[in-house]
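One structure below.
No value in this document is a laboratory result; all are computed from the given coordinates. As the structure is a computational prediction, the values presented were derived from the model and not from experiment. Heads up, the Cβs are rebuilt from the backbone with ideal geometry, glycines too, and the neighbour counts pull from every protein chain shown.
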Amino acid sequence: MTRDYANRKPRSPAKPRTTGRNIKAAPTRRFPAVLAAIAVIGLTCFSYFLWSIYGSSDSAPADQVEAPQPQPKPAPKNDPDALPPKPRDEWTYQSELENKEVLVDLPQQPQGPSRPYQMQCASFKMKSQADELKAMIAFQGLEAHVRQTEGSSGTWYKVVLGPYDTKRAAERQRHVLQRAGIHGCLIWFWEG
């Protein structure tokens, strides 16, 4: 037997559907008298506690506070186990150091020809790539040079900064480049 569900008329919502079984109503919940009694007792105890500590502080308002009076030191007793009185700290270094000189020995710098430093950031096979990196370095306010070198594997274009008198100056500029996202720069002694 086949049924046609497409042409079926909907049921009216006014008629409740009965199945012949007795439907029991949901049980009603009783008021939790025990929990209510415990809550009232707890609230009463807390209120009594707050009432008992109200006004029990001995502090007066800030405008009525008297300055504490120094207490006289009790006379020392002849107790052999008693600790001696705490010594008073007296600092004298400020008055002692006002007119003093400090001498510092600086190590001698090695005499002779100083070797300046250079920083190489990259080496490319194509000159256009080297010029692109040179432009990125120029945006950081630094001057770079592109050097053409002949190697065993052909012509290379090196992007070089410098010369620098000290390695610290080269390091300072390397940190500027690292903050700009240009990594891998190496510091060498200047070679001509």
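Details
- Isotropic mean projected area of the C-alpha convex hull, the range 80-165 (nm²): 16.6
- Neighbourhood net charge (13 Å Cβ-Cβ; Lys/Arg +1, Asp/Glu -1) for Gly184: +2
- Restricting the chymotrypsin sites (Phe, Trp or Tyr not before Pro) of the range 95-192 to loop positions (DSSP other than H, G, I, E, B) with no more than 15 neighbouring Cβ atoms within 10 Å leaves Phe139, Trp190.
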